[in-house]
Amino acid sequence: AAGCIESPSQFLGSGKWNDGDLIFLAGSPVAELAGSRYAVSCLKNNAGRPTEMNAKNETDFRDNAIQTAHSNAARSARLCGSGGLALALVKEVIGSGIGAALTIDQSENISSILFGEGGARAIYAVPAEKEAEFRKIWGSTPLLLLGKAGGSSLNIKNTLEISLDEINSVWRKF
């Protein structure tokens, strides 16, 4: 998270989730496709306006992220920036060497959820015994429990299942 890190113990890195960790999405679950990497690469469309910045939401998010790191309420964190939630999940799976079983609400546009960009959003791996503390820190910020880390694939129920071997193979080509 952005901000002052006064000691190495206050740093919350990425790619460190463990079997059984709860995987949360903090911030708005849906982001904009306008101007996203997905829109340009897959939809061949660079039109539209990205999400407008909301200074209060960004400040609250930053403060919560710093408090999460300082209190060790999560094991791993990764911002959902360019490439959105999908790329953040792939990077965590690669870094951790552990898959995940996730469920994403299909009532929204799945492309916007997975590939949308904009606004403050991050995924967190939280040990089960730290869940209450983590939820308390994030308070009124949207927080969505996606599922659990574990296994040898990235499985998003009714959407995709990709083995770690396949993810690593494709990733090495880039």
Which numbered condition trips up ASN72, out of (1) modelled with pLDDT of 90 or more; (2) of a type in the set (S, T, N, Q); (3) on the phi < 0 side of the Ramachandran plot?
(3)
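Do you know which residues across the range 129-168 are in a loop (DSSP other than H, G, I, E, B), within 17 Å of CYS80 (Cβ to Cβ) and in contact with a strand residue (DSSP E or B) (Cβ under 7 Å, 6 or more places away or on another chain)? So that I can check it myself, show each step before the final result.
To start, the set of residues in the range 129-168 that are in a loop (DSSP other than H, G, I, E, B) comprises 139-142, 150-152, 157-159.
From what's left, within 17 Å of CYS80 (Cβ to Cβ): 141-142, 159.
Listed by number, the residues that qualify are THR141, PRO142.
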Suppose the filter is over 22 Å from GLY13 (Cβ atoms), assigned to a loop (DSSP other than H, G, I, E, B), touching a helix residue (DSSP H, G or I) at 6+ places or on another chain (Cβ under 7 Å) and aliphatic (A, V, I, L, M); does ILE104 pass it?
yes
Please work out which one of (1) part of a helix (DSSP H, G or I); (2) at pLDDT 95 or above; (3) among the aromatic types (Phe, Trp, Tyr) is the condition TYR38 fails and give its number.
(2)
Take the range 58-76 and flag every residue that is touching a Gly at 6+ places or on another chain (Cβ under 7 Å) and in a helix (DSSP H, G or I).
PHE61, ARG62, ILE66
LEU114: of a type outside the set (Val, Ile, Thr), modelled with pLDDT of 90 or more and open to solvent by less than 50 Å² (accessible area, probe 1.4 Å), yes or no?
no
From the set of residues in the range 144-162 that are free of Cβ contacts under 8 Å to residues at least 40 places away in the same chain and open to solvent by less than 80 Å² (accessible area, probe 1.4 Å), which is nearest to TRP17 (Cα to Cα)?
ILE162
For the subset of the range 79-97 comprising residues that are surrounded by fewer than 22 Cβ atoms within 10 Å (Cβ to Cβ) and either in contact (Cβ under 8 Å) with a residue 60 or more places away in the chain or more than 26 Å from SER112 (Cβ to Cβ) (or both), which member is farthest from the chain's Cα centre (by Cα)?
GLY97
Contacts under 7 angstrom Cβ, first residue in the range 11-29 being at positive phi, partner in a strand (DSSP E or B), 6 or more apart:
GLY15/SER76; GLY20/LYS148; GLY20/ALA149; GLY27/ARG121; GLY27/ALA122
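The values are calculated or read from the model by the stated rules, or taken from the named source; none is laboratory data. This is a predicted model, so every value here is computed, not measured. Cβ atoms come from the backbone with ideal geometry, glycine included; neighbour counts cover every protein chain shown. Keep in mind that these areas ignore ligands, DNA and RNA; they rest on the heavy atoms of the full protein, side chains included. Shrake-Rupley method; radii C 1.70, N 1.55, O 1.52, S 1.80 Å.
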